[in-house]
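Q: For reference, the structure I am asking about is given below.
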Amino acid sequence: MNQRSDYSLLVSCRSGDVDAFGHFYVRYRHLLIGYLARRVRDPEVAADLMAETFAVALVAVRDASRPLPETPAAWLFTIGRNLLTDSIRRGRVEMDARRRLGLEPLALEDEDIQRIAEVAASQDLVADLAKVVPAAEWDAFRAHVLEDEAYPDIAARLKCSEALVRKRVSRARAHLKTALGGLSV
């Protein structure tokens, strides 16, 4: 997994690194599609919203006159939430950013729709598990276990020691093991 920060990926994208936005996309695609799918309950609409969200983000990143977001993940989910709100109000998902980028409309197969439903369902479980773990411990656990981020990188991002990050991950595992009835996590 790419260990660069979200902000670094967007800076590289703006500088012409075509793979950088791809890494950003891979990092957040499942979280975003799960977030959207749980709200619209229609995998095809969720996929359209996700595609448009990333397209809007890419257009914004390429625009050198706009500052890059300091918290790219929150920014991305804000774009998604705003597009979701607009689509509910209008009764359809807009495709303006995808058109500007010359992207074709999405064509989903049955397997794609099933996978979106699975991701949304798994994220419901993850969201439920997150509720049984204190926030600081969950952040460290999520970063290390679910996102495969290295302890030193997490410590740098959270501005704490690597030992504290390890302790938080260990405590989160203990909380989750209890919540899951003794299953290892």
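The values are calculated or read from the model by the stated rules, or taken from the named source; none is laboratory data. All values reported here derive from a predicted model rather than from experimental measurement. Cβ coordinates were reconstructed from backbone atoms using ideal geometry, including for glycine residues, and neighbour counts include every protein chain displayed. Please note that ligands, DNA and RNA were not included when accessible areas were found on the heavy atoms of the full protein model with its side chains. Shrake-Rupley method; radii C 1.70, N 1.55, O 1.52, S 1.80 Å.
Q: Ranked highest first by the average count of other Cβ atoms within 10 Å around their residues, in what order do 68-74, 134-140 fall? Write down the numbers at each step before the final one.
A: Working: 68-74: 14.3, 134-140: 17.4.
The peptides rank, most packed first, as 134-140, 68-74.
Q: Checking the cross-link filter: which lysines have an alpha carbon closer than 18 Å to that of LYS131, excluding same-chain neighbours under 8 positions apart?
A: LYS177
Q: Rounded to a whole number, what % of the accessible area of the stretch 1-79 do carbon and sulfur atoms account for, probe 1.4 Å? Show your work: numbers first, answer last.
A: Numbers: 2030 of 3850 Å².
Ligands and nucleic acids excluded, carbon and sulfur give 53 percent.
Q: If you don't mind, another one. May I ask you to compute the full-extension gain from LYS167 to ALA73, defined as 0.36 nm times their residue separation minus their alpha-carbon distance, rounded to one decimal in nm? Write out the running numbers ahead of the final one.
A: Numbers: separation 94, 0.36 × 94 = 33.84 nm, distance 2.50 nm.
Going from the current span to full extension adds 31.3 nm.
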